[in-house]
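Scroll down for the structure; my scribbles are underneath it.
The values are calculated or read from the model by the stated rules, or taken from the named source; none is laboratory data. Values in this document were obtained by computation on a predicted structure and should not be read as measured data. A quick note on method: Cβ atoms are made from the backbone with ideal geometry, for glycine too, and the neighbour counts reach across all protein chains shown.
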Amino acid sequence: MNSTGNKLRVLIAETLETEFAPGVDVQRASLPVWDSLNHLRLIMAVEEEFGVRFDSDEIVQIDSLSRFQTLLEAKLAGLETLSA
C-alpha cells in the first residue's frame, strides 16, 4: 500500500476509533461503526486532510477502503494535473 493508502487507513481508524489488520480491505458493510454519520465524518476528514472534495455520486460509491483510496488517488492526480 502506498503512502496515500497508509495515510487513509490511519485516518479511517482514527476517525472511527477502531483498529483493523494491516493489509485488510475494510468493507463498510462489515464494520458496524462505519454507519451513515461516521461515513460523513470520514468524508469530511479526508477532504480536509488531502485538500479534495467529493461529489454526492462519489460519496455514495465509497463502500470500502480500497474504493475510497481509488477515488482519492484519482482526485489527487487531477489536482496535480491542474497545478502543473
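Restricted to region 49-76, and to residues there that are of a type in the set (D, E, K, R) and part of a loop (DSSP other than H, G, I, E, B), the residue that is farthest from Asn6 (Cα to Cα) is Asp55.
Within region 1-31, restricting attention to residues that are among the acidic types (Asp, Glu) and more than 23 Å from Gly51 (Cβ to Cβ), the residue that is surrounded by the most Cβ atoms within 10 Å (Cβ to Cβ) is Asp25. One residue stands out among those in region 1-23 that are under 14 Å from the mean Cα position of the chain (by Cα) and of a type in the set (A, V, I, L, M): the one that is farthest from Ala74 (Cα to Cα), which is Leu16.
When restricted to residues that are out of contact with any Ser or Thr (no Cβ under 8 Å at 6 or more places or on another chain) and more than 14 Å from Leu71 (Cβ to Cβ), region 12-48 contains 22. Is there any pair with a first residue in region 1-25 that is under 14 Å from Arg41 (Cβ atoms) and a second that is basic (Lys, Arg) and surrounded by 13 or more Cβ atoms within 10 Å (Cβ to Cβ) whose Cβ atoms are under 8 Å apart and which are 6 or more apart or on different chains, and what are they? Qualifying pairs under 8 Å: Thr15/Arg41. Quick check on region 36-48. Is at least one of its residues outside any helix (DSSP H, G or I) and loosely packed, with under 10 Cβ neighbours inside 10 Å? Checked region 36-48: no residue is outside any helix (DSSP H, G or I) and loosely packed, with under 10 Cβ neighbours inside 10 Å. Considering each residue of region 35-49 in turn, none proves to be farther than 21 Å from Lys75 by Cα, hydrophobic (A, V, I, L, M, F, W, C), over 12 Å from the mean Cα position of the chain (by Cα) and modelled with pLDDT under 95.
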